[in-house]
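All remarks here apply to the structure that follows.
The values are calculated or read from the model by the stated rules, or taken from the named source; none is laboratory data. Everything numeric in this text was worked out from a predicted model, so none of it was measured. Here the Cβ positions follow ideal geometry from the backbone for every residue, glycine too, while neighbour counts run over all protein chains shown.
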Amino acid sequence: MPFEIIRNDIVNMQVDAVVNTANPEPVVGTGVDTAIHKKAGRELLAARQKIGCIDFGDAVITPGFKLNAKYVIHTVGPVWVDGNHQEEQILSSCYRKSLALAKENECESIAFPLIATGNYGFPKHLALKIAVREISAFLLENEMQIYLVVFGKESFELSEKLFKSVGSYIDENYISEKILDEYGSESVNSSHFELRRFKEKLKFKGQIQADFCAEICDSSAIPQSSDEWKNRLKNLDAGFSETLLRLIDRTGKKDSEIYKKANVDRKLFSKIRNNMDYKPSKTTALAFAFALELDIDETRDFIARAGFALSHSSKFDVIVEYFLVSKNYDIYELNEVLFAFDQPLLGA
């Protein structure tokens, strides 16, 4: 996917460029700066000293030397005071100028740390919001694989309001254990209401199976000739690819607007467009549902054409449902939440 939040050590990223949270003076600072210089070797400091001082919010580029990256982009984030000293504008500039340098140097991939959240004290949830905003805006106009790399869970924070809201929705809707197993045994931890609801689902499922068995046992219901089979197959619902293209046409938007909004790259979209039998992953199917801003019923129908469903027995599905019910189609914000809850991210 074009934009991905991952947990890793940025010095180990195999990308065209890594972004370094540099000291404004040509010296080795702390945190990410120390780690990058240590991995890159002494040549990096020499290159950095030739550049001299860097203004807050500015960015410069050097070779990556012994890093797995071809380049290091050095940017100086703001020192947090109180939010009234242009801290947000400076941080936005760090991302914009770093991405501009990467594009200028024909980078196809870049890895960012969460800039200024270490010793500079920028609030993590606000820094995350700015990073996602600037990266997503860049990707609407450009093609690049962008990673936001966090070293540990403590380095990543959602807004408290969003985290609590999603957490409450999960508590209300998520079935953490199967209420009945395959043989009908009851979970002692399940509520009476959940148990009754699950039994009703099983009863309904059993009726469907019974009806299906009755149909296949009736020889008159089975097509007897190739023409009958062709007629039966003609009546199948449109598949995922055909439905996707039809829905894009309905929006009146360009293909590129939709696949970028879905956090999917051009190569994958081309595969989907050129293969009417293409079977996407669930995360890709849902990404397009969000890009198309489908409601929850439309989403269920859409992903069913790829063989998927939404279930309250999956924490991933419940989080996705929360965003659909809230009509929040910001896939990047959804991925922030999925990452915080250790779930797969939407996109290719």
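Consider the stretch 1-35 and keep the residues that are surrounded by fewer than 17 Cβ atoms within 10 Å (Cβ to Cβ) and among the charged types (D, E, K, R). The one that is nearest to ASP342 (Cα to Cα) is ARG7. Taking the criterion of being surrounded by fewer than 21 Cβ atoms within 10 Å (Cβ to Cβ), within 21 Å of PRO2 (Cβ to Cβ) and in contact (Cβ under 8 Å) with a residue 60 or more places away in the chain, the only residue of the stretch 282-318 that qualifies is ALA306.
For the stretch 258-274, filtered to residues that are free of Cβ contacts under 8 Å to residues at least 12 places away in the same chain, of a type outside the set (Ser, Thr, Tyr) and within 28 Å of VAL132 (Cα to Cα), the residue that is surrounded by the fewest Cβ atoms within 10 Å (Cβ to Cβ) is LYS267. The condition of being in a loop (DSSP other than H, G, I, E, B), without any contact (Cβ under 8 Å) to a residue 40 or more places away in the chain and among the polar types (S, T, N, Q) holds for ASN84. On the stretch given as the stretch 326-348, residues that are part of a helix (DSSP H, G or I) and in contact (Cβ under 8 Å) with a residue 60 or more places away in the chain total 8. The single condition from (1) charged (D, E, K, R); (2) under 19 Å from VAL132 (Cβ atoms); (3) touching a Ser or Thr at 6+ places or on another chain (Cβ under 6 Å) that ASP16 fails is (2). Pairs meeting the criteria (first residue in the stretch 104-126 and assigned by TED's automatic domain parsing to the domain that holds VAL149, second residue basic (Lys, Arg), beta carbons under 9 Å, at least 6 apart or on different chains) are ASN105/LYS70; CYS107/LYS70; LEU114/LYS124; THR117/LYS124. None of ASP277, ASP301 is part of a loop (DSSP other than H, G, I, E, B) and either touching a Gly at 6+ places or on another chain (Cβ under 8 Å) or assigned by TED's automatic domain parsing to the domain that holds SER168 (or both) except ASP277.
Return yes when TYR95 is under 21 Å from PHE339 (Cβ atoms) and of a type in the set (Phe, Trp, Tyr) and no when it is not. Yes, satisfied. Of the listed requirements (1) surrounded by fewer than 22 Cβ atoms within 10 Å (Cβ to Cβ); (2) over 22 Å from ARG133 (Cβ atoms), ASN328 misses just one: (2). If only one of LEU101, LEU114 is of a type in the set (A, V, I, L, M) and surrounded by fewer than 23 Cβ atoms within 10 Å (Cβ to Cβ), which one is it? Among LEU101, LEU114, only LEU101 is of a type in the set (A, V, I, L, M) and surrounded by fewer than 23 Cβ atoms within 10 Å (Cβ to Cβ).
Does at least one position in the stretch 36-52 carry a residue that is in contact (Cβ under 8 Å) with a residue 40 or more places away in the chain, surrounded by 14 or more Cβ atoms within 10 Å (Cβ to Cβ) and touching a strand residue (DSSP E or B) at 6+ places or on another chain (Cβ under 6 Å)? No, that holds for no residue.
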